[in-house]
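We did not get these values from a lab; they are worked out from the coordinates using the rules stated. Note that the coordinates shown come from a computational prediction; the quantities given were computed from them, not determined experimentally. As a convention, Cβ positions derive from the backbone with ideal geometry for all residues, glycine included, and neighbour counts pool all protein chains shown.
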Amino acid sequence: MNLDLALRTRYASKVYDETKKLTAEQEQQLLDLLRYSPSSVNSQPWHFFTLVSDAAKEKILPAVSEANRSKIIKSALVVVFTTRTQISEAHLNALLSQEQSDGRFATDEQQQNQDKGRRHYVGLNSHTPEQQRNWMARQAYISLGFLLLGAASMGLDATPIEGFFVDKMNAALNLDAKQLTSVVVATVGYHEDTDFNATLPKSRFPQEQVITRL
Ligand SMILES: Cc1cc2nc3c(=O)[nH]c(=O)nc-3n(C[C@H](O)[C@H](O)[C@H](O)COP(=O)(O)O)c2cc1C
C-alpha cells in the first residue's frame, strides 16, 4: 500500500477478527519495524514483548482496562512496549560495542567521540530519574508510530493502547526483575465487520491550525 493511502485509511481498530492470524513474514516485518525505529543517540532504551498465544495474552489481561480487553484477546499480535528503568553503564557500553561490531567506527577516536556524545545527551536528559524515564518513554513512542504506520502500509489494522495499568502490567510480565517498565501497548491484526471505527470519517484539525509554514 502506498504511504498516502496508508496514512488516510489507517485508524484505531476497535474490534478484531480473531480468526485472522499473521503470516510468519508479516510478524517478522512488524518486529523489524520495532527494532529499526530510531532513538535519540541510538539509545534503544526499549524492550518489546510480543504476545501471540492465548496463554500469554491471558497473563496480561488483568492489567488491561475493561474496554481494551477484547482487542488483546482477538487481535493477532500484541506488543507491550517497555523501557529500562534507568540507563545503566552496562547499557551504554553495550550500545557502543554493538555500533563497533556493526562497523560504525573507522578509528578509535570516532568510537570515543560517539561514546562521549551519547553520554552528554543522556546526561542532559537525566537530571532526575523521572526525567530520564520520560525521555526513554518518548523514544518508545517513536517505535509505536513506526509500528502503526508500518502495519497500515502492510494492510494490517492496529490499535495504540494506553488504557492499561502500568503496575499490573509490570507485575504480569515480571518487569521489575528485568529492570524494565511498561510504557504503552499496541495490538495488530485484522478488523471485524462490526468494527464501527472502520467506517467513521477521520477527524483532524485543519492543516493551518496545526502546521505553520515559516
Ligand atoms: C498513545 C495512544 C493511546 C491510545 N489509547 C487507546 C486505548 O487505550 N484504547 C483505544 O481504543 N484507543 C486508543 N487510542 C486511539 C486513539 O483514540 C485514536 O488514535 C485517535 O482517536 C485518532 O484516531 P485514529 O487513530 O483512528 O486516526 C490511543 C491512541 C494513542 C496514539
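How large is the convex hull of the C-alpha atoms of segment 73-174 per residue, in Å³?
In segment 73-174, the Cα hull volume divided by residue count equals 148 Å³.
Starting from the Kirkwood radius over alpha-carbon pairs of the chain, derive D by Stokes-Einstein at 25 °C in a medium of 0.890 mPa s and give it in µm² s⁻¹.
Diffusion coefficient, whole number: 130 µm²/s.
Please name whichever of Trp135, Gln111, Gln98 sits farthest to the positive end of the charge dipole of the chain, dipole taken about the Cα centre and charges placed at Cβ: Lys and Arg +1, Asp and Glu -1.
Ranked along the dipole, the leading option is Trp135.
Rounded to the nearest 500, what is the chain's calculated 222 nm mean residue ellipticity when only DSSP H runs of at least 4 contribute -39500 (n - 2.57) each, over all residues?
My calculation for the chain gives -14000 deg cm²/dmol from helical runs alone.
Determine, from the Cβ-Cβ distance of Asp193 and Ala55 and an R0 of 25 Å, the FRET efficiency 1/(1 + (r/R0)^6), rounded to the nearest 0.05.
0.35
Do any GluC sites (Glu not before Pro) in segment 121-214 lie in a loop, going by DSSP, with at most 14 other beta-carbon atoms within 10 Å of their beta carbon, and if so which?
Hits after loop and neighbour filter: Glu162.
Treat every Asp and Glu Cβ in the chain as -1 and every Lys and Arg Cβ as +1, leave all other atoms uncharged, and give the resulting dipole magnitude about the Cα centre to the nearest 20 debye.
So the magnitude is around 380 debye.
What is the packing order of peptides 153-161, 3-11, taking the mean over residues of other C-beta atoms within 10 Å and listing the highest first?
153-161, 3-11
Please give the length that would be gained between Gln209 and Lys116 if that part of the chain were fully extended, namely 0.36 nm times their separation in residues minus their C-alpha to C-alpha distance (nm, one decimal).
Value of the extension gain: 29.5 nm.
So the label point goes 7 Å from the Cα of Ser88 along Cα→C-beta, right? Which residues of segment 163-178 then have their backbone N under 15 Å from it?
175-178
What number, in percent, do you get for the relative contact order of the chain if the mean sequence gap of Cα pairs under 8 Å and at least 6 apart is divided by its residue count?
For the chain, the relative contact order is 39 percent.
Over segment 1-149, how many pairs of lysines fall under 30 Å by alpha carbon, counting only those 8 or more apart in sequence or from different chains?
Going through segment 1-149 pair by pair, I get 16.
So what does the Cα-only Debye profile of segment 1-117 read at q = 0.09, 0.15, 0.18 Å⁻¹, as log10 I(q)/I(0), no solvent term?
At q = 0.09, 0.15, 0.18 Å⁻¹ the computed log10 ratios are -0.40, -0.88, -1.06.
If amide hydrogens are placed 1.01 Å from N in the peptide plane, which non-local residues have theirs closer than 5 Å to the one on Asp17?
So Asp17 has HN proximity to Tyr190, His191, Glu192.
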